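The values are calculated or read from the model by the stated rules, or taken from the named source; none is laboratory data. Owing to the predicted nature of the structure, the values given are computational and were not obtained by experimental measurement. Neighbour counts are summed over all protein chains in view; Cβ atoms, including those assigned to glycine, are modelled from backbone coordinates with ideal geometry.
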Amino acid sequence: MNSALALNGLCKDLKQKAVSTQTSACAEVSPLDRSVTCKLQGTARLPAFSEDGDYIIGGVFSIHYNMEMVKPNYTTMPEPLQCTGRIEPREVHLSRAMIFGIEEINNSTQLLPGVKLGYQIHDSCAEVPMAVKVAFQLTNGLDPVFYTGDNCSQSGIVMAVVGESGSTPSISMSRIIGSFNVPQVSHFATCACLSNKQQYPSFFRTIPSDQFQADALAKLVKQFGWTWIGAVRSDSDYGNNGMASFLDAANKEGICVEYSESFYRTQPRSRIQRVADVIRRSTAKVVVAFAAYGDMRILMEELSREPSPPRQWIGSEAWVTHPDMLKFTFCAGAIGFGIPRSVIPGLRDFLLDLSPTTVAASPVLTEFWEEAFNCSLEKSAAANKHLCDGSEDLKKLQSPYTDTSELRITNMVYKAVYAIAHAIHNAVCQATNSTIQCDKLSRIESKQVLTQLRQVQFSQNGYHVSFDANGDPAATYELVNWQKSNSGSLEFVTVGHYDASLPAGQEFLLNKNITWMEGRTQVPVSVCSDSCPPGTHKVLQKGKPTCCYDCILCPEGEISNETDSANCFLCPKEFWPNADRDTCFAKPLEFLSFSEVLGIILTTFSVGGAFLAVIVAIVFFHHRTSPIVRANNSELSFLLLFSLTLCFLCSLTFIGAPSEWSCMLRHTAFGITFVLCISCVLGKTIVVLMAFKATLPGSNIMKWFGPLQQRLTVVSFTLIQVLICTVWLVLSPPFPMKNLTTYKDRIILECALGSAVGFWAVLGYIGLLAVFCFVLAVLARKLPDNFNEGKFITFSMLIFCAVWITFIPAYVSSPGKFTVAVEIFAILASSFGLILCIFAPKCFIILFKPEKNTKKHLMNKNKN
């Protein structure tokens, strides 16, 4: 659609608002005259550089960074917009690089042979109003009246536009020239929003989108372990969109932001001061700056006025590779991503080839020359400038204009020019046999160039150029570090590369050492909270970001074996944490061992008791014919001593690691031997009672309690216990088990009862016999003192019952191996009670009072 016709409806509104923006207007001369005159509204602004040609390529650069503000009074036409402030040598350099590329193409025999490309390069002042004005002018041309006739057909439209340098002006331009299908190829507008083809269908760029850079910056911050950072950005589409993408990527990487401040170079100084104060007061040592060069320079100047704590600066490509930024030496160690360096043969000679005539003919070059050499080309020189005398030499000038050592963004301009040229070439040229024929008279439209630009693929000077569906190139960056040179000045040093096309985790390649802030060689630390060591876990601090936390020791039974663990986890059932709670080790196995002190003591008493019983048996056997032995039923006495020996020895089965056989043996052996023992005591008690009953006149009771009956009594009582144990072992025998519940930090090896009913049946039967025996012994308490058998049995059974009554609560409440110790203690205590109470007095008489070991003495009645 013709731009003049499209803007017809806007003419009236634009006149009423007195807008100085250049548009075209069509007005009817009279109702009868159908001829139409198309003319520009407002004053045309001359390009900074221009050259006529068969096809015109537009260019827009931020040669100045400020614009003179105009306040309309709405009564007169506002003054035309003007750029002010210091000229930017780097943007002049980029403008001239575009001219160099076009002239190189014009001299080529392979690309657009016989076709001359022209150019119109404008200064946008890096401001949206001027960028809009330039966009209208590029679509309309420079002629005040460009057509008269039946229709307004645009004749001065450019084929494509290179630029703008900034994202915000590029967005404004793209919305205008995109409506007319004019392709725009930017060399420095990186806002990810421009990849939206629905809003910006004609926008292309040779520099990667900020989406790639934002992801790369987040991965860079993550790689060096920084989780607590500050963030500053330009208050523009470039800064706001870029920082939003970075913050989103940083959040996914677990990075927290202490502050996020925006600013713009035209804002009041108080605003810039506030941002600088936030940086100074912050605890984050790392600052990520997603800002344009012009904005960043203003912030750095403010920071340089008052010293601040050292900060590690992480920069976006817009400023971190700008040569003018190196003067801020307090930023030494800064690191960021830059467009890969390149080499453009012949460019330096072209840049230095500025004759006085060429300079004088161009207002922009004149201003640049006068600022570079601080002289004036006019005779009416300013008071602080001398007249240029011709001795000025560009070769000796240290300026971003003459610097061709890296050519990062310059190559982006160079590739943009060639991309447009290839698109025009594909639209107007055809290969015939071995020659290329181009029709320079062909009036192609910008839409054709747009179509061809989408399909462009070529290599120039070894640099591949192509665009994806979003108009973006492949994303590759150099990792640039600000390091001090031998002379003490800062310089850019490439320390690595980043390629977004590589697999995850392999994008970074570091090939040189990095110098950090203040010249440090160690990576600075920037965290809100120190890392939590293994054995602890993170607990977030209330009301603070997720990177601010306290390190809390893992709960009992849990460990964490990683740094900064969010949670602790339980050890497996048979494992327990070490003291640092960072490793699970096997729980120690606990059982009553023969090698430990308690085990040794109990073993000693057990063996000692058995040995004592054997000695008593030997003494009794040696004095078996003596009255005291014969009077106390020697057969039952020897059987009792045998059973006591077994009782002492059965306690050994409770010591040592439980096994299937030991578990079954310890309880059954204990039950049977004790019943045998109590049966013998019971038999002796009955015999004592019956013996004195038999002395009564006419009593024949002893014939029912002779030796045979005594043996049968002992065997019968014992067989009942054997039967109980047999049923227990058959139905649900004891078995070894690992007790994991009594103690958390160790495993108790113990014998499970199998059937609790069987266990308590065994104990209950022993208790029943003991009580019965105790009752009978009490009945024999009035026997003659010299005999003492009934009295001693009473004492022994009293001790026996007291021990086992006490055993029950002690057994139930004792933990771990002490349960077994309590059971052994009860066995030994009751056994010692029996042997000492029953046999000790007799042994004493046999060994030390033989005069009392007589029948006469034993039969003597107590005088009392």
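Counting the residues of the range 351-365 that are in a helix (DSSP H, G or I) and either surrounded by fewer than 17 Cβ atoms within 10 Å (Cβ to Cβ) or touching a strand residue (DSSP E or B) at 6+ places or on another chain (Cβ under 9 Å) (or both) gives 9. Among the residues of the range 440-483, those identified as on the phi > 0 side of the Ramachandran plot and in contact with a helix residue (DSSP H, G or I) (Cβ under 9 Å, 6 or more places away or on another chain) are Asn461, Gly471. Applying the criterion of being of a type in the set (D, E, K, R) and surrounded by fewer than 19 Cβ atoms within 10 Å (Cβ to Cβ) to the residues of the range 262-284, the residue that is farthest from Val128 (Cα to Cα) is Arg281.
Scanning the range 23-71 for residues that are in contact with a strand residue (DSSP E or B) (Cβ under 9 Å, 6 or more places away or on another chain) and at pLDDT below 70 yields a count of 11. Would you be able to say whether some residue in the range 600-615 is of a type in the set (Val, Ile, Thr), over 22 Å from the mean Cα position of the chain (by Cα), assigned by TED's automatic domain parsing to the domain that holds Pro815 and modelled with pLDDT under 90? No, the range 600-615 contains no residue that is of a type in the set (Val, Ile, Thr), over 22 Å from the mean Cα position of the chain (by Cα), assigned by TED's automatic domain parsing to the domain that holds Pro815 and modelled with pLDDT under 90.
Residues are listed down the side, and each one gets a yes or a no for (1) farther than 21 Å from Leu194 by Cα; (2) assigned to a helix (DSSP H, G or I); (3) charged (D, E, K, R):
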| residue | (1), (2), (3) |
| --- | --- |
| Tyr414 | no, yes, no |
| Val417 | no, yes, no |
| Ala421 | yes, yes, no |
| Ala431 | yes, no, no |
| Arg443 | yes, no, yes |
| Leu450 | no, yes, no |
| Ser459 | yes, no, no |
| Asp468 | no, no, yes |
| Asp472 | no, no, yes |
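Residue check: is Ala372 part of a helix (DSSP H, G or I), in contact with a Leu (Cβ under 7 Å, 6 or more places away or on another chain) and touching a residue at least 24 places away in the same chain (Cβ under 8 Å)? Answer is yes for this residue.
For the range 709-748, residues that are crowded, with 19+ Cβ neighbours inside 10 Å, of a type outside the set (S, T, N, Q) and assigned to a helix (DSSP H, G or I) total 5. Screening Asn567 with (1) modelled with pLDDT of 90 or more; (2) of a type in the set (S, T, N, Q); (3) assigned by TED's automatic domain parsing to the domain that holds Val681 gives one miss only, at (3).
Candidates are the residues of the range 264-280 that are touching a strand residue (DSSP E or B) at 6+ places or on another chain (Cβ under 7 Å) and not charged (D, E, K, R); the one that is nearest to Thr168 (Cα to Cα) is Tyr264. Return only the number of the condition from (1) in contact with a strand residue (DSSP E or B) (Cβ under 9 Å, 6 or more places away or on another chain); (2) surrounded by 15 or more Cβ atoms within 10 Å (Cβ to Cβ); (3) not basic (Lys, Arg) that Ala586 does not satisfy. Ala586 satisfies every listed condition except (2).
The condition of being surrounded by 13 or more Cβ atoms within 10 Å (Cβ to Cβ), farther than 30 Å from Leu828 by Cβ, modelled with pLDDT under 90 and not charged (D, E, K, R) holds for only one of Gly543, Gly557, Gly535, that being Gly557.
Every residue in the range 232-254 that is within 24 Å of Ile514 (Cα to Cα) and buried (at least 24 other Cβ atoms within 10 Å of the Cβ), please. So that I can check it myself, show each step before the final result.
At the first step, the residues of the range 232-254 found to be within 24 Å of Ile514 (Cα to Cα) are 232, 246, 249-250, 253-254.
Answer for the range 232-254, where residues must be within 24 Å of Ile514 (Cα to Cα) and buried (at least 24 other Cβ atoms within 10 Å of the Cβ): Val232, Phe246, Ala250.
Results for (1) hydrophobic (A, V, I, L, M, F, W, C); (2) surrounded by fewer than 16 Cβ atoms within 10 Å (Cβ to Cβ); (3) modelled with pLDDT under 95, shown as yes or no for each residue.
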| site | (1), (2), (3) |
| --- | --- |
| Leu326 | yes, no, yes |
| Val343 | yes, yes, yes |
| Asn374 | no, yes, yes |
| Glu378 | no, yes, yes |
| Glu392 | no, no, yes |
| Ser405 | no, yes, yes |
| Ala416 | yes, no, no |
| Ala423 | yes, no, no |
